[in-house]
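First comes the structure, then the notes that go with it.
The values are calculated or read from the model by the stated rules, or taken from the named source; none is laboratory data. All values derive from a computational prediction rather than experimental measurement. Note that we place each Cβ from the backbone using ideal geometry, even for glycine, and neighbour counts take in every protein chain shown. Note: accessible area is taken over every heavy atom of the protein model, side chains too, but ligands, DNA and RNA are not part of it. Shrake-Rupley method; radii C 1.70, N 1.55, O 1.52, S 1.80 Å.
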Amino acid sequence: MADRLVSNFKQLASEVNLQDRDFQIAIASILFNPTFWNIAARTEYKTHLLTKLAFNKPKFGCYLLALTIFSLGLFRDYLYEKALKNQASSVLLADPVFRYLGIASFLFGNVLVLSSMWKLGITGTYLGDYFGILMEDRVTSFPFNIDDNPMYNGSTLCFLGTGLYYGKPAGVFASLVVYLMYQIALKFEEPFTAKIYAKREAEREQKKKKSL
């Protein structure tokens, strides 16, 4: 059983055309997006550059960043689907069950993404805390009651679902890259976000002590 799994994995890997220009561009976009928004958000937090460019209005600055990130995401998705057209389909993924799994993965991924955006709003979704726009309470209802990072994991499932639907090993490989990039991004984002909220709580405690 284990030997068969290893053999299948090797076959799938061999069917990914890493030399294809469109696929390389798609992977570059996958690597670029989270890198960009983390650098942009950190720059805003430290220098308020985006707020200054937005006429000193933090919410407007956050909306501009949100529009940029959203647009880059659409462009990345376009590059991904374009790249898959050049890639080989695999007989190992030709069974209809993989097509159904792809549909289920894509739909559930979208549910996670869209429901988390609905609960967080634009500023909560698109790094508003780096602009000083902090949420009052942590969201714990669906989808956050089943997944700590529904935006990232939902997006990964959408990539995987597309790859499985078309039976493309390259899609599975790209989904793995997406997952790894999001895990790296979380290593930077989660501690920094916790630091931002801890600072707010410390400032509130200081104000309470002064008012006593």
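Worth pointing out:
Residue by residue, here is whether (1) among the basic types (Lys, Arg); (2) part of a helix (DSSP H, G or I); (3) at pLDDT 95 or above holds:
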site	(1), (2), (3)
Ser89	no, no, yes
Ile103	no, yes, yes
Phe106	no, yes, yes
Ser115	no, yes, yes
Arg138	yes, no, no
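- Flag if Gly73 is at pLDDT 95 or above, of a type outside the set (S, T, N, Q) and under 30 Å from Leu12 (Cα atoms): yes
- Matching residues, the range 16-43, being free of Cβ contacts under 8 Å to residues at least 12 places away in the same chain, closer than 30 Å to Gln87 by Cα, in a helix (DSSP H, G or I) and among the aliphatic types (A, V, I, L, M): Ala28
- Residue within the range 161-171 that is at pLDDT below 95 and touching a Gly at 6+ places or on another chain (Cβ under 9 Å) present: no
- On inspection, Phe9 does not qualify as among the aromatic types (Phe, Trp, Tyr), touching a residue at least 12 places away in the same chain (Cβ under 8 Å) and more than 18 Å from Asp129 (Cβ to Cβ).
- Scope the range 157-178; condition under 14 Å from Ser105 (Cα atoms) and either under 12 Å from the mean Cα position of the chain (by Cα) or β-branched (Val, Ile, Thr) (or both); matching residues: Leu157, Cys158, Phe159, Thr162, Val172, Ser175
- The residues in the range 44-62 that are in a helix (DSSP H, G or I) and open to solvent by less than 90 Å² (accessible area, probe 1.4 Å) can be counted, and the count is 10.
- Some residue of the range 126-133 being among the aliphatic types (A, V, I, L, M), touching a residue at least 12 places away in the same chain (Cβ under 8 Å) and on the phi > 0 side of the Ramachandran plot: yes
- Restricting Leu120, Leu107, Leu157 to residues that are closer than 30 Å to Thr193 by Cα, free of Cβ contacts under 8 Å to residues at least 40 places away in the same chain and either surrounded by 15 or more Cβ atoms within 10 Å (Cβ to Cβ) or of a type outside the set (Val, Ile, Thr) (or both) narrows the list to Leu120.
- Looking at Leu18, Leu65, Leu112, just one residue is open to solvent by 80 Å² or more (accessible area, probe 1.4 Å), of a type outside the set (Phe, Trp, Tyr) and over 13 Å from Gly163 (Cα atoms), and that residue is Leu18.
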